[in-house]
Amino acid sequence: MVTHEPNAILTGGPGFLPETERLRYVPDIGSKFRLLNGNRWEHFEPTTKLIRRQGRELVVFIWSRHTYVAE
């Protein structure tokens, strides 16, 4: 099993995501990231801002919108 260390922190958006889940591994740190939340996708965009948490440098992603899953 391959585990990836967090390289991003998700900011903004709906309050459904607890602080402990906002630290994420994002495969392509320069591209938008989306997270499934029930019947919709939460979209986050990378910024140029970096933050240090738990001894790691993380790229700050900011929530931009949501879209609904097609049925």
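Numbers at a glance
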| read-out | value |
| --- | --- |
| Total residues in region 27-57, condition closer than 13 Å to T11 by Cβ and of a type in the set (A, V, I, L, M) | 3 |
| Residue check, I51 surrounded by 10 or more Cβ atoms within 10 Å (Cβ to Cβ), assigned to a loop (DSSP other than H, G, I, E, B) and of a type in the set (A, V, I, L, M, F, W, C) | no |
| Conditions (1) of a type outside the set (F, W, Y); (2) in contact (Cβ under 8 Å) with a residue 24 or more places away in the chain; (3) not in a loop (DSSP other than H, G, I, E, B); number of the one not met by I29 | (3) |
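Results for (1) free of Cβ contacts under 8 Å to residues at least 12 places away in the same chain; (2) within 11 Å of the chain's Cα centre (by Cα); (3) open to solvent by 60 Å² or more (accessible area, probe 1.4 Å), shown as yes or no for each residue.
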residue	(1), (2), (3)
A8	no, yes, no
P18	yes, no, yes
P46	no, yes, no
R56	no, no, yes
V59	no, yes, no
R65	no, no, yes
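Rundown of residues vs (1) on the phi > 0 side of the Ramachandran plot; (2) of a type in the set (D, E, K, R), yes/no style:
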site: F16; (1), (2): no, no
site: T20; (1), (2): no, no
site: P27; (1), (2): no, no
site: K32; (1), (2): no, yes
site: R40; (1), (2): no, yes
site: E45; (1), (2): no, yes
site: G55; (1), (2): yes, no
site: V60; (1), (2): no, no
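The values are calculated or read from the model by the stated rules, or taken from the named source; none is laboratory data. Computed from a prediction, not measured in an experiment: that's the story for all the values here. Cβ coordinates were reconstructed from backbone atoms using ideal geometry, including for glycine residues, and neighbour counts include every protein chain displayed. Accessible surface is based on the protein model in full, side chains and every heavy atom, while ligands, DNA and RNA are left aside. Shrake-Rupley method; radii C 1.70, N 1.55, O 1.52, S 1.80 Å.
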